[in-house]
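Presented below is the structure to which this report refers.
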Amino acid sequence: MQLRGLERWISLVRLIAFPFVLVSVAIADYPPGRWEMWAWITTVLFLVGSIAFFALARSELGNAHPFAQSLAAQIFDTAIVTGYVMVFAFERGLPVQQILYIDLAAACVRFGIKGGLVLAAVSAPIVAIFTKLRADQLNTVFSWKLVGFQTGLEVLMALIVGWLVERLAAAGAQAEARAEEAEALHEAERRTVAELRRLSTLRADFVSLVSHEVRTPMAAVIGSARTLQQRWRELTTEQRDAFLALIADETDRLAALVGEVLDTSRIDAGTFSYTFDELDLAGLITETVATAELARQHLHINSRVPSDLPTVRGDPLRLRQVLTNLIDNAVKYSPEGEPVEVRASAVNGHATIEVVDHGSGIAAEDQQLIFEKFGRVRGTSSKPGTGLGLYIARAIAEAHGGTLEVSSDPGAGSTFALSLPLRNGSS
C-alpha cells in the first residue's frame, strides 16, 4: 500500500478511536497516586498528535516526504500505546498490554516484515516494564514468562502479517503494472486503428483521384484518336497536328501517373534504384529550370544559382526528378503570371535549393500531410495530381542523406527547401 494513502487512513482511524479512549480514561477506577494525571496527559497528547498527523497526511509536506511522515507517525503511535500500557498497568485482569498488537500491525502495514520485527524488539522492554509495574501494584510475583510469551507472539505476528502485507503490495504493484500495460496497449491499439482508418480514407481518396486523373487524359486521347480516325481527310494539317500533340501530351501525363505509382511501390519495397556520382549541382539546377521554362509558354522562373556551387554526390536523374516536381508544384499553385523563384546556396557543409511560389500557402496542420502518401492540401482537389510527388521527392532527398522541408503561411506562398550534404563537407 502506498504510504501517502495509508497515513491518511490511519490518521482518520486515530480520530475515530479517540472517543473510545476518552470514555475509557474517564470511567477508569484509578488507585491513589498520579495514575489518573498521567492518563489524562497521555490522552491530551494523543488528541493533539492525532489532529496534527491528520493535517500532515493531507498536506503537501506530507505528500513530499511520505517515508519520513510514516516513520514519525509510527514513533508517535508507539509512544502513545506505551503510555496507555503503563498508565493502566494497575487494572487487574485487563490485558492492556495487548494493545501493542495494534501498534505491531501498523508497523507491519507501513514497513513490512522489517518494521514488524523492529517493533517486536522495541516492545520487549515495554512489556517487561509493564509486567514489573503490575506486579508491584498488585503485589504479585514478577515473571519473565509473560514477557517471553508476548514477545514471541509479536515476532510470529510480524512474520505472518509482514509477509502478507509484502505479498499484497507486490501483487498490487503487479496489478498496477498490468493495468498500465493494458492501458498502453489499448492506447496503442486505438492509435493504430485511427491510423488505419486515416490510411484507408487516404487510399479511398487516392483511388478516386487516380480514377479521375486516368479518365481525363484517356478521354482526351480516345476522343482525339476517334476524331482523327473519322475525320482525317476533312481536317487541315494544323488541326491534325493539334490533335496529335494533344494525344502526345495526355499520353505523357498518363505515363507520369503510372511512373509515380510504380516509384512509390518501389520505395516501399526498398527496390528504388540510385546511381550515385559526383554531380555538378549548379548545372543540374540550371538545366532543370531551362527545361521547365521551355515546357510552358509565358512562364518565368527567377533563378539565382551561384556558378561556383560545390559539387555533391548524388543521382542526377533522381535529383532532377525532385527539382522538376518542386517547380511543377510551384507553377501549379501560383497565380497565373506570378514568377517562381529558385535559389541555391552552400552553408555549413550543405547545399540548399529553395523553390518559392507566391500562391495561397499551406496551413500548418497540412505541412506534414503533403509529404505522406496520397497526402494533399485540403481545398486543392481541383488541381491535377496524385499526392505522391512530394512523398517520392522526400524519399529521394533522404536517400541522399539530405532533407526536404516546407515553410509556409496561408496567403503568403510556400518555400520548399531541399538540403543535400556537400562532397567532402566543402562550403
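Selection among Leu279, Thr291, Tyr333 by position relative to the dipole of the chain gives Tyr333 as farthest towards the positive end (Cβ unit charges, Cα centre). Remark: the Arg58-Phe371 segment gains 107.5 nm on full extension, using 0.36 nm per residue and subtracting the alpha carbon distance. A straight chain from Trp38 to Arg240 at 0.36 nm per residue would run longer than the Cα-Cα distance by 60.6 nm.
The distance linking the stretch 222-301 with the stretch 121-148 is 106 Å (Cα centroid to Cα centroid, whole angstrom). At an R0 of 30 angstrom, the distance between the Cβ atoms of Asp268 and Arg296 translates into a FRET efficiency of 0.40.
For the chain, the direction-averaged projected area of the alpha-carbon convex hull comes to 35.8 nm². The charge dipole of the stretch 3-185, taken about the Cα centre with unit charges on the Cβ atoms of Lys, Arg (+1) and Asp, Glu (-1), comes to about 380 debye, rounded to the nearest 20. With K and R counted +1 and D and E -1, the other residues having a Cβ less than 11 Å from that of Thr415 yield a net charge of -4. If you model the stretch 94-137 as an ellipsoid using its alpha carbon gyration tensor, with each semi-axis the square root of five times an eigenvalue, the axes come out at 24, 11, 4 Å, biggest first. Computed about the Cα centre, the dipole magnitude for the chain is approximately 1580 debye when only Lys and Arg (+1) and Asp and Glu (-1) carry charge, each at its Cβ. If the cut-off is a Cα-Cα distance under 14 Å, which aspartates and glutamates reach Lys332, setting aside same-chain residues fewer than 8 apart in sequence? By straight Cα distance, Lys332 reaches Glu293, Glu341, Asp357. Taking a straight line from the alpha carbon of Lys145, these aspartates and glutamates sit under 16 Å away, with near neighbours fewer than eight places off in the same chain left out: Glu154.
Helix 237-269 and the long axis of the chain differ in direction by around 30°, with both axes built from C-alpha atoms.
Packing-based ranking of 57-67, 23-33, 407-417 yields 407-417, 57-67, 23-33, ordered from highest to lowest mean Cβ neighbour count within 10 Å. A dipole drawn for the chain from +1 and -1 charges on Cβ atoms has a positive end, and of Leu71, Ser303, Val118 the residue lying farthest that way is Val118.
Taking 0.36 nm per residue of separation and subtracting the current Cα-Cα distance, fully stretching the chain between Lys332 and Glu195 would add 46.4 nm. With the charge dipole of the stretch 278-425 set up from +1 on Lys and Arg Cβ and -1 on Asp and Glu Cβ about the Cα centre, the Cα lying farthest toward the positive end among the listed residues Ile370, Ala351, Ala412 is that of Ile370. Cross-link partners of Lys373 among aspartates and glutamates, defined as those whose alpha carbon lies under 17 angstrom from its own and excluding same-chain residues fewer than eight positions apart: Glu195, Asp205, Glu213, Glu260, Asp263, Asp268, Glu365, Glu398, Glu405.
Rounded to two decimals, the Cα radius of gyration of the stretch 1-152 over 2.2 N^0.38 Å is 1.10. Helical runs assigned H by DSSP (4 residues or longer) give the chain a calculated mean residue ellipticity at 222 nm of -23500 deg cm²/dmol, each run adding -39500 (n - 2.57) before division by the residue total.
Computed from the coordinates by the stated procedures, all read-outs in this text should not be read as laboratory data. It should be emphasised that the depicted structure is a prediction, and the values quoted were computed from it without experimental measurement. So basically every Cβ, Gly included, is an ideal-geometry build from the backbone, and we count neighbours across all protein chains shown.
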